[in-house]
Amino acid sequence: MRCPFCGYIDQKVLDSRPARDGEAIRRRRECMGCGRRFTTFEEPERPRLFVIKRGGSRQEFSRDKVLTSMLVACRKRPVNLETLREASERVERDLFQEYEEEVPSNVIGHRVLQELRKVDTVAYVRFASVYFEFETVTNFEEIISSVQQGVAGEAVLR
């Protein structure tokens, strides 16, 4: 690893400690060339997981895309960013445990719906309206009714 300031290859490690809930190691380093200090994070390389889209195309899974879609659904709602980060991490963790190489996009959508339902019902309805491509007011009535009755909304729309 090269120093980010001068590019010198040799450094010494000043401090190491667990980071990101034990998922990584944080190392404080000092460059032997310029003497400046910097921090690095070391974590295991995750296997790559590809999403199979509705049209058949493939793209690499991105937790950031999951988080962004949840943020859009929760816009102007009293939902903490950290809550959404944790939810997106749960979605990612579950997918990596259940799938090895490829996961259909609809599975991800359903996982996001489950997490949003726990967090905020308005965000859940917003996300569902886009995900299930609502075209009529009746679609909204059905999902709102399912939320009020505590029924899984996905089952109502199928």
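Could you give the distance between the Cα centres of the range 42-61 and the range 93-149, to the whole Å?
Distance between centres, Cα-based: 20 Å.
For Lys53, go through the lysines and keep the ones whose alpha-carbon is under 19 Å away, minus same-chain ones fewer than eight residues off.
Result set, ordered by chain and number: Lys65.
Less than 13 Å Cβ to Cβ from Met70, Lys/Arg counted +1 and Asp/Glu -1: what total charge do the surrounding residues give?
Neighbour charge sum, excluding Met70 itself: +3.
Pairs of Cα atoms under 8 Å, at least six residues apart: use those to get the relative contact order of the chain, whole percent.
14
Under 15 Å from the Cα of Lys118, which aspartates and glutamates turn up, not counting those fewer than eight places away in the same chain?
Result set, ordered by chain and number: Glu82, Glu86, Glu89, Glu154.
Per residue, how big is the convex hull around the C-alpha atoms of the range 38-145? Give it to me in cubic angstrom, could you?
Output value, Cα hull per residue: 126 Å³.
Tell me which GluC sites (Glu not before Pro) from the range 84-114 have a DSSP coil assignment and no more than 11 other beta carbons within 10 Å of their own.
Working: sites: Glu86, Glu89, Glu92, Glu98, Glu100, Glu101, Glu102; in loops: Glu100, Glu101.
Passing both the DSSP loop test and the Cβ count: Glu100, Glu101.
Rule-of-thumb check for the range 11-99: C-alpha Rg over 2.2 N^0.38 Å?
Cα Rg divided by the expected 2.2 N^0.38 Å: 1.49.
Which FRET efficiency value, to the nearest 0.05, is calculated for Phe5 and Asp64 with the Förster distance at 25 angstrom and r the Cβ-Cβ distance?
Efficiency for this residue pair is about 0.35.
Each value in this text was obtained by applying a stated rule to the coordinates, not by laboratory testing. All values derive from a computational prediction rather than experimental measurement. Note: ideal-geometry Cβ built from the backbone for every residue, glycine included; neighbour counts use all protein chains shown.
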